[in-house]
Number of protein chains: 2
Amino acid sequence: MPASPPTRTLADSVAAGDERALARAATLLEAVTAEGRSLLKALFPLTGKAMIIGVTGPPGAGKSTLVDQLIGACRAQSRSVGVIAVDPSSPYSRGALLGDRIRMQRHHNDNGVFIRSMATRGKLGGLAQATLDLALLLDAAGRSVIFIETVGVGQDEIDIAQLADITVVTLVPGMGDDVQAVKAGIMEIADVFAVNKSDLPGADALVQAIEFMQTLGERAAPGHSAPVCKVKAIDGAGIPELWAAIQKAFDAKGKQDAFTGVWEIRLREHLRETILCDLPSETLSLYASRVARRAEDPYSAVAGLKAEMLASRK
Amino acid sequence: MPASPPTRTLADSVAAGDERALARAATLLEAVTAEGRSLLKALFPLTGKAMIIGVTGPPGAGKSTLVDQLIGACRAQSRSVGVIAVDPSSPYSRGALLGDRIRMQRHHNDNGVFIRSMATRGKLGGLAQATLDLALLLDAAGRSVIFIETVGVGQDEIDIAQLADITVVTLVPGMGDDVQAVKAGIMEIADVFAVNKSDLPGADALVQAIEFMQTLGERAAPGHSAPVCKVKAIDGAGIPELWAAIQKAFDAKGKQDAFTGVWEIRLREHLRETILCDLPSETLSLYASRVARRAEDPYSAVAGLKAEMLASRK
């Protein structure tokens, strides 16, 4: 079925690089409308060209400042940029409030830099899916480099790292002997490490610790460790070297988006997020109330719900 | 269908409070065996009695030490304890290595304290589901208080908080002006705040900041803010007051496990985790390869996969 005329027009404008169209399209996606979805379908053949860079790390590592500097490096090469700042906090109202601060101020008036903040759509929302949709939109719109900045350390970051071609893990000295910050899964997802605030005491020790930890894991193999770059995002020291390391890692690894395995993960995730939309809430409530009063165990209830979902297919 | 005899025997032993049976049962659950599942079905009617306390907060907040002190408070009241230490890092090998340190050493030889570390089962594993299963087991085994300690800040913690009756958010002074640590969703899930290392400079300012933030959110209502307790977990200062605050919050809020709404979320989550088990991996691969080479868009692919799953129902 052909897309409806207004969608077609918007898709054409996005594909042509029109920024106002891009902003409108991003808003449509955020609202999870049918129009947004059909727009993405129309634009999908144009995707697969951008370099997608995930930037993650624990709170306080200076990720936004680092991304700001990397945007500068891209713009110096006349590459257009998209930035997706992911903030998983906002279903809990206060996060959204605090998240409203303007990020990356100095690029605000640069048409070559398109910045969006993303929040989760809630419990069943699928932050990774929404982030992927927006990244695909930016890719189709011809953005050459897309940064996905994530706050915090945890499963969200791991999920989102799977959307990126290259993941930059940002760490800072002075987290003391607390290994927690670097152990929550993020060591393994790094293609490049950035040790920020590298003028602080302990920077060299942190570099050594990262290099040592890399000799331990399952990725450990001669010549395959992720490079560690010392930077000072605040004044730009070390940024050219970091940017070169990112580009080198991308050249070595290739565009992840072209791999079947990557799409297996993405489709599976997407399916998992969407399939429950078919479950009537009354049915769910009925089973839940039986479990809550211990009239049925939860495992039998899940089996029952699954059978009902499949039986009631449209 | 009645449970097979060995399972029945193990269930009886768990229900009778036998610790070796509990340890064996926990191992069965971790291995995700059919035996573990049928054990939980048999034990489910015995659940719903324990007080489940989630303890979360950013890396370095001293959560393990705090839990250790709270265990002491429970034992002083002769209440039996279960502890689930959740470490989401271990699919990425290094985390498991570091996670092997022995936690809560001083309770190691106390039969009234049962401690298990949990790791995610990987991408599709459902850490929250596995944690819930173990909590139900400990509940059925008659543990009076169950602590769920989570590392990090993010969606995992929010998911796991939904399993707890009471969530204690642990923060420490000296995170500077970085609001990230307290904004990633964890402010809203707190029933009680513990400001640990309260002898450090900035403790009072942190207490005030927490109290201020609570006046902003959607939960804000006179008389409904979560209490803020200053503690020093290292020497136990403030622990009796914290323990009293937790008990008071529990009395006010009630056992979450008895609410239909709580089970709606849990069942839905469980269903989401399990439903894709029916999808043949060849089918997924076929669709993924089409999308990877841009022969089909991902949204149409998901629709196609959904139709195939439903058509192939057993």
Inset, instruction - Filter the stretch B:14-45 down to residues that are free of Cβ contacts under 8 Å to residues at least 12 places away in the same chain, in a helix (DSSP H, G or I) and farther than 23 Å from residue B:117 by Cβ, then give me how many there are. - result: 2
Inset, instruction - Take the residues in the stretch A:272-293 that are more than 7 Å from every other protein chain (Cβ to nearest Cβ) and of a type outside the set (Asp, Glu), then tell me which one is surrounded by the fewest Cβ atoms within 10 Å (Cβ to Cβ). - result: A:277
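Name the residues in the stretch B:294-314 that are farther than 24 Å from residue A:36 by Cβ and either more than 9 Å from every other protein chain (Cβ to nearest Cβ) or touching a helix residue (DSSP H, G or I) at 6+ places or on another chain (Cβ under 9 Å) (or both), would you? Working first, answer last.
If we filter the stretch B:294-314 for residues that are farther than 24 Å from residue A:36 by Cβ, which is where we start, we get B:308-314.
Once the filter is applied, which keeps residues that are farther than 24 Å from residue A:36 by Cβ and either more than 9 Å from every other protein chain (Cβ to nearest Cβ) or touching a helix residue (DSSP H, G or I) at 6+ places or on another chain (Cβ under 9 Å) (or both), the stretch B:294-314 yields B:308, B:309, B:310, B:312, B:313, B:314.
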Inset, instruction - Mind counting the residues in the stretch B:35-83 that are modelled with pLDDT under 90, on the phi < 0 side of the Ramachandran plot, in the same structural domain as residue B:133 (by TED's automatic domain parsing) and not charged (D, E, K, R)? - result: 5
Legend entry - Top-ranked residue of the stretch A:31-47 - restricted to ones that are in contact with a Lys or Arg (Cβ under 8 Å, 6 or more places away or on another chain) and crowded, with 17+ Cβ neighbours inside 10 Å, ranked as nearest to the other protein chains (Cβ to nearest Cβ): A:44
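The values are calculated or read from the model by the stated rules, or taken from the named source; none is laboratory data. The shown structure was predicted, so the numbers you read here are calculated from the model rather than taken from an experiment. All Cβ positions, even for glycine, are placed from backbone atoms using ideal geometry, and neighbour counts span all protein chains on display.
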